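**Q** Below is one structure. I have some questions about it.
The numbers here are math on the coordinates, done by the rules we state, and not lab data. Computed from a predicted structure; not experimentally measured. With ideal geometry, Cβ positions are generated from the backbone for all residues, glycine too; neighbour counts draw on all protein chains shown.
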């Protein structure tokens with residue numbers, strides 16, 4: 001009977017294989033996983049591969065709207081902020097199924113502002129928070145979190161990203177939530193608990209809109 | 001040849017870690033139609049039934065206390081996965097079918 005041809009790997013071979021495995025895993029982590037999952041791309045390879053995390057709302061914005069948004073630059077003038085385009089307004093109503101949650105957020109550039117009011121048919125759990133365009137979960141800032149049936153407020157965006165609400169229906173019956181807002185936001189995005197996303201491409205208010213008559217000479 | 005083998009094994013080891021990082025969290029509400037130790041079947045509101053895996057980390061609660069689920073219970077399931085076809089339950093909350101939990 002012939003002796004077995006294979007022999008157990010030496011300690012050196014095991015250490016070499018482990019070191020190579022660790023090196024390959026590290027490279028994959030930095031060049032693929034960090035850009036795709038966390039938007040962090042220290043090498044630039046993630047962006048070259050198309051992996052750098054764009055927010056889906058940015059990717060979904062049509063070119064015509066994107067160029068309008070590019071003109072919406074914020075300039076500080078003392079206590080005032082000046083913008084390249086007119087502000088936008090929106091009133092939107094959602095129905096949350098029983099025990100379901102959803103998110104609704106506006107995309108704002110740094111220092112852009114908005115005012116808002118929301119009301120719900122019954123008290124809901126909410127979290128008003130902001131999420132930067134590029135970053136990780138630890139960069140998300142929660143501005144206000146509680147249970148309420150209505151909230152009214154204003155925001156000056158501390159960073160470029162999406163700023164808005166998580167609402168959770170904690171009851172066994174559908175709940176309606178209505179949001180009214182005005183601000184220098186670019187667009188809005190609605191995210192369901194099934195991860196479905198809907199982008200609202202909003203238009204600035206225009207001179208064509210009716211106005212009440214003020215002073216005349 | 002040995003070098004090639006080492007590199008192939010290392011690459012497999014590295015790529016096999018990626019799916020664990022890619023999961024998203026889903027919420028499903030419905031009635032348990034089948035319940036086993038490692039999986040439950042959930043008939044969702046106005047939708048098809050979905051199979052969800054259970055493991056030792058899955059919490060089953062009612063009114064924020066540990067509980068035991070059974071077929072026919074209305075539950076809220078928070079699960080992790082890549083799609084509805086591949087979900088693992090993080091928590092199964094037993095709720096009132098009609099009113100507040």
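**Q** What nm distance separates the two modelled labels at residue B:47 and residue A:180, each placed 7 Å from Cα along Cα→Cβ?
**A** Each label point lies 7 Å from its Cα, and together they span 3.3 nm.
**Q** Counting only other chains, and only Cβ atoms inside 10 Å, what mean value do you get across the residues of A:190-196?
**A** 3
**Q** What is the range B:23-95's relative contact order, in percent, from Cα pairs under 8 angstrom and six or more apart in sequence?
**A** Normalised by residue count, the contact order of the range B:23-95 is 36 percent.
**Q** Project the alpha carbons of the range B:23-95 onto their principal axes and report the range along each, largest first, in whole Å.
**A** Computed over the Cα atoms, the extents are 28, 26, 20 Å.
**Q** Rounded to the nearest 0.05, what FRET efficiency do residue B:85 and residue B:57 have when you use their Cβ-Cβ distance and R0 = 22 Å?
**A** The pair residue B:85/residue B:57 has a calculated efficiency of 0.60.
**Q** Among A:160-167, B:63-70, A:123-130, what's the highest-first ranking by average C-beta atoms within 10 angstrom per residue?
**A** A:160-167, A:123-130, B:63-70
**Q** Ignore the peptide's own chain and count Cβ atoms of other chains within 10 Å of each Cβ in A:98-105; give me the average, rounded.
**A** 4
**Q** If you take every DSSP beta bridge whose two residues both sit in the range B:23-95, what share of them, in percent to the nearest 5, is antiparallel?
**A** For the range B:23-95, the DSSP antiparallel bridge percentage is about 85.
**Q** Per residue of A:16-29, count partner chain C-beta atoms within 10 Å of its C-beta, then hand back the mean as an integer.
**A** 5
**Q** What span do the alpha-carbon atoms of the range A:146-188 cover on each of the three principal axes, reported in whole Å from largest to smallest?
**A** Principal-axis extents of the Cα atoms in the range A:146-188, largest first: 36, 18, 17 Å.
**Q** Here's something else I'd like to know. Which order, highest average first, do B:47-60, B:27-40 follow once you tally other Cβ atoms within 10 Å for each residue and take the mean per peptide?
**A** Result, highest mean Cβ count within 10 Å first: B:27-40, B:47-60.
**Q** Also, I was wondering about something else. Take the Cα pairs of the range A:104-217, get the Kirkwood Rh, then feed it into Stokes-Einstein at 25 °C and 0.890 mPa s and tell me D in µm²/s.
**A** 157 µm²/s
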